[in-house]
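See below for the structure under consideration.
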Amino acid sequence: MAFAEYAWLIPIFPLIAFVVIGFLGNRLFKKWEGGAPVAILMTAISLVLALAVAFEALTTGDGTPFVQSLEWLVVQSGEFNFTFNMGIYIDNLSALMLIVVAFISTLVVIYSLGYMHEEGEKKRRYYAVISLFISVMLGLVLASNFLQMFIFWELVGLCSYLLIGFWNTRPSAASAAKKAFLVTRIGDIMFMIGLFVFFIGFQGNLDYTHIFNNVDAFVGGDALLTFGTLMIFGGAIGKSAQFPLHDWLPDAMEGPTTVSALIHAATMVKAGVYLVARSYPVMVETPDTMLFIAFIGGFTALFAATMALNNTNIKRVLAYSTVSQLGYMFLALGAGGYIYYYHADFNVGYAAGTFHLMNHAFFKALLFLSAGAVIHAAHTEDMRLMGGLSKKLKITSLVMLIGCISIAGIPPFSGFWSKDLVLEAAFEGIQYNGLFILLYAFGLITAFLTAFYMFRLWFLTFAGKPRDQHTYDHAHEAPKVMWVPLAILAVLAFGSGFAFLMGFESVLVPGLEGFVPHEASAVDLLVAVFTNILTYASILAAVLGIGLAYLVYYKGTINPAVFTATPARKAMSNVLLARYGFTKAYDWFGLKVIYGISKVVDFIDRRIIDGLINGISAGLIRAGGFLRRGQTGFVQSYAAVIVAGVSLIVILLFYVGGVI
Amino acid sequence: MIPIEYFLALSGILFVIGALGVLTKKNAIVVLMSVEVMLNAANINFVAFSAFYGSLNGAIFALVSIAIAAAEVAVGLAIIMNLYKTRDTISLNKINLLRW
């Protein structure tokens, strides 16, 4: 473990970039693109280190994680002693996350050089916060215990708030940032409750190594453990924008597109999936939680996909697709854990979830950055004003097509391999619980919908005739600094799926008893995939989706107007555009319920508590005003008081004290 | 020898006269004089007890007290002079500076 010793440096480098850019002033960085070179250099250094560490962990590790930690907080109070550690924990999962996060972050920062070029002095803030964002996400991945993870978890939330609200003079951006912060905060509180449960149950030790090796030693029974894991998953619901806390993610599109790419592909939303995958050894002990995870995942996948169907904002479509794809990951993880509980042997769920996480990171980063290039060129996010842009944006349209094919799941693009595994995991669950029939169906329908809306997006943006001549005339290909990262991502979005043939399943294992993957050659795996009828079902779903999009939005055989032709269809379409009323419901809840409670609290605070204090002080002031009239200023009256007082003392001494 | 009670009675009477003068008179100089009467009542006490116990301590205290009284009168008269210069009066019921 030569490199792993230095793994703690990985989050330090971007942190240095944050400090340098954030605190060394505007004047220094005005000529330097607001500090972009520093941010790029530092993230690149941590990328190199992360790749070295990850490569080492994936190739030389024997399955035992590398752990290094320092005592951070020691509490000794008689019968209750505990220690919080700060450290790093490297296993195959964190190695995978390191690659994904560091790699995509570096590309995004490089891409920002072109995309954020026109932002002027605000660039410095952008590069400072994005460096911090990368740093804390890397820290989250490397954390060695749940408390440390939680700290970074909150910091990730803070950074996303700062970046979503980057254009803080825009009211919509400011409120989107607040929404993202508050909605994920609901999840954070659940996560914290889960940590309390773990803290009690595992006797004050939140280290991964301790918890994962002593799951049976949990104090408090199965019900409490189920509650704890459910609450931990609640944190993931908030961070990964799952139903019903999904509503912040589409609004988070108010930030710069680069930030969206980072949030959707590498940081933030992946933290939730990582959390579930990380706590897998605990989670698998509670099948109810696992079933719940699978159900929420499967439902969200379908639910979010429907909202992407008729949206006309290019970034929002991608945002819904992220929510939907994250649902896939949870579906796979949940299904895998549920199956493992009843049959402690290898199953594909865990590998499917993490594999989809990786592939999704690449193709979603690609899609978002391509969308960024389109927005950069067209100066609009509305797809109704685009069309025909492939003539102007040749490279962008090509790489985006690769991304679309990948997410739609056409072999041999990367999305195909992992989505197929996800569906396989869901299908395998049917033997253990009938609910998985439904979830498998959700997954399959989602595959169809995904292919449809992604190609709708592509056709509307790039194909056909320009619908807005002005936009079309001003469109131009992105600069080199933008399309080179796109090209790199396109290669990965195409090729990262081949990791499956290289034995992804047998490398990425959650370290559970009996969970031993069968060593299989690439040929065996290929045969297994393509002799399975399910594979063809998912391919068919994807092809049907693409075909429908082609007929409607390219050939025009079917007029898009048929979707809103009858009042019922029109109403349905409006429901989708209104996001099933969730936004309204949240607003209603916030404005009426929370605001009402706040008003009551405000009344108590202002009238009762403040009133009491103010009343006392006002009374004292009035009493003072009355008493000061005794101060006449005449010396003789003072003397009279003194004489009277002395006389009184003498009399008292005489009669009461008996002195004389 | 005159019994000590007579001295004490005289001292008490003088003190009360002085005190009443301080409290009731409006003229600052009369008040100052009344203060001197009270001081002298105390001096009589000192001297009387000095003789009664056959010790000179009390007599010496009386001498110190007389010296201080002389200084006090000098200061007091100077204050009254200045008061008269600035306010054209030494009537105490017109002077109420010692107020909030």
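Scanning the range A:482-507 for residues that are closer than 20 Å to residue A:116 by Cα, in contact with a Ser or Thr (Cβ under 9 Å, 6 or more places away or on another chain) and open to solvent by less than 70 Å² (accessible area, probe 1.4 Å) returns A:482, A:485, A:486, A:489. All conditions in (1) open to solvent by 10 Å² or more (accessible area, probe 1.4 Å); (2) in contact (Cβ under 8 Å) with a residue 60 or more places away in the chain; (3) touching a Phe, Trp or Tyr at 6+ places or on another chain (Cβ under 9 Å) hold for residue A:266, with the sole exception of (1). A residue that is farther than 21 Å from residue A:368 by Cβ, open to solvent by 10 Å² or more (accessible area, probe 1.4 Å), part of a helix (DSSP H, G or I) and not assigned by TED's automatic domain parsing to the domain that holds residue A:166 occurs somewhere in the range A:76-94.
Would you say residue B:90 is surrounded by 11 or more Cβ atoms within 10 Å (Cβ to Cβ) and either closer than 21 Å to residue A:640 by Cα or within 14 Å of another protein chain (Cβ to nearest Cβ) (or both)? Yes, satisfied. Does the range A:631-653 contain any residue that is part of a helix (DSSP H, G or I), within 14 Å of chain B (Cβ to nearest Cβ), open to solvent by 90 Å² or more (accessible area, probe 1.4 Å) and without any contact (Cβ under 8 Å) to a residue 40 or more places away in the chain? The answer is yes; a qualifying residue exists.
Table: residues versus (1) modelled with pLDDT of 85 or more; (2) acidic (Asp, Glu); (3) surrounded by 13 or more Cβ atoms within 10 Å (Cβ to Cβ).
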{"position": "A:530", "(1), (2), (3)": "no, no, no"}
{"position": "A:535", "(1), (2), (3)": "yes, no, yes"}
{"position": "A:538", "(1), (2), (3)": "yes, no, yes"}
{"position": "A:543", "(1), (2), (3)": "yes, no, yes"}
{"position": "A:550", "(1), (2), (3)": "yes, no, yes"}
{"position": "A:554", "(1), (2), (3)": "no, no, yes"}
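Contact annotation: residue pairs with Cβ atoms under 8 Å, 6 or more positions apart or on different chains, pairing a residue in the range B:17-41 that is within 12 Å of chain A (Cβ to nearest Cβ) and open to solvent by 50 Å² or more (accessible area, probe 1.4 Å) with a partner that is of a type in the set (Val, Ile, Thr) and part of a helix (DSSP H, G or I), are B:25/B:31. So which residues in the range A:147-174 are touching a residue at least 40 places away in the same chain (Cβ under 8 Å), part of a helix (DSSP H, G or I) and farther than 18 Å from residue A:134 by Cα, if there are any at all? Scanning the range A:147-174 gives A:147, A:172, A:173.
For residues in the range A:95-144 being not in a helix (DSSP H, G or I) and not small (Gly, Ala, Ser), which is most open to solvent (accessible area, probe 1.4 Å)?
Residues of the range A:95-144 that are not in a helix (DSSP H, G or I), as a first pass: A:116, A:120-121, A:143-144.
Keeping just the survivors that are not small (Gly, Ala, Ser) gives A:116, A:121.
Values: A:116: 1, A:121: 106 Å².
Only one residue tops the list, namely A:121.
Evaluating residue A:575 against the criteria (1) modelled with pLDDT of 80 or more; (2) open to solvent by 50 Å² or more (accessible area, probe 1.4 Å); (3) within 30 Å of residue A:302 (Cα to Cα) leaves one unmet condition, (1). Could you check, for the range A:582-605, whether at least one of its residues is part of a helix (DSSP H, G or I), polar (S, T, N, Q), surrounded by 10 or more Cβ atoms within 10 Å (Cβ to Cβ) and modelled with pLDDT under 85? Yes, the range A:582-605 contains a residue that is part of a helix (DSSP H, G or I), polar (S, T, N, Q), surrounded by 10 or more Cβ atoms within 10 Å (Cβ to Cβ) and modelled with pLDDT under 85. Kindly indicate whether residue A:44 is modelled with pLDDT of 80 or more and open to solvent by less than 30 Å² (accessible area, probe 1.4 Å). It is false that residue A:44 is modelled with pLDDT of 80 or more and open to solvent by less than 30 Å² (accessible area, probe 1.4 Å).
Residue pairs whose Cβ atoms lie under 9 Å apart, sitting 6 or more positions apart in sequence or on different chains, and linking a residue in the range B:65-84 that is over 17 Å from residue B:47 (Cβ atoms) to a partner that is loosely packed, with under 15 Cβ neighbours inside 10 Å and of a type in the set (Val, Ile, Thr), are B:76/B:29; B:77/B:29; B:80/B:29; B:83/B:89. Note on the range A:364-423: residues that are open to solvent by less than 10 Å² (accessible area, probe 1.4 Å) and assigned to a loop (DSSP other than H, G, I, E, B) amount to 5.
Among the residues of the range B:6-16, the ones that are more than 14 Å from every other protein chain (Cβ to nearest Cβ) and farther than 30 Å from residue B:92 by Cα come to 3 in all. Quick check on residue B:85: is it within 14 Å of another protein chain (Cβ to nearest Cβ), at negative phi and open to solvent by 80 Å² or more (accessible area, probe 1.4 Å)? No; evaluated as a whole, the condition is false for this residue.
Residue-wise test of (1) in a helix (DSSP H, G or I); (2) within 12 Å of the chain's Cα centre (by Cα); (3) of a type in the set (A, V, I, L, M).
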residue	(1), (2), (3)
B:8	yes, no, yes
B:23	yes, no, yes
B:30	yes, yes, yes
B:39	yes, yes, yes
B:46	yes, no, no
B:58	yes, no, no
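Residues being at pLDDT 85 or above, open to solvent by less than 100 Å² (accessible area, probe 1.4 Å), within 14 Å of another protein chain (Cβ to nearest Cβ) and in a helix (DSSP H, G or I) are represented in the range B:66-77 by at least one member. Restricting A:407, A:445, A:437 to those that are β-branched (Val, Ile, Thr) and free of Cβ contacts under 8 Å to residues at least 12 places away in the same chain reduces the list to A:437. Could you list, ordered by first residue, the pairs with Cβ atoms under 7 Å in which the first is in the range A:113-127 and under 18 Å from residue A:376 (Cα atoms) and the second is aromatic (Phe, Trp, Tyr) and assigned to a helix (DSSP H, G or I), at least 6 apart or interchain? Filtered contacts from the range A:113-127: A:116/A:126; A:119/A:126. When A:346, A:355 are checked against the criterion of being open to solvent by 20 Å² or more (accessible area, probe 1.4 Å) and within 30 Å of residue A:290 (Cα to Cα), a single residue qualifies: A:346. Residues that are of a type in the set (S, T, N, Q) and in a helix (DSSP H, G or I) within the range A:52-75 comprise A:59, A:60, listed in sequence order.
All of A:197, A:101, A:183 fail the test of being in contact with a Lys or Arg (Cβ under 8 Å, 6 or more places away or on another chain) and touching a residue at least 24 places away in the same chain (Cβ under 8 Å), apart from A:101.
The values are calculated or read from the model by the stated rules, or taken from the named source; none is laboratory data. If you're wondering where the values come from, they're calculated on a predicted model, not measured in any experiment. Note: ideal-geometry Cβ built from the backbone for every residue, glycine included; neighbour counts use all protein chains shown. The accessibility values were calculated without ligands, DNA or RNA, using every heavy atom of the protein model including side chains. Shrake-Rupley method; radii C 1.70, N 1.55, O 1.52, S 1.80 Å.
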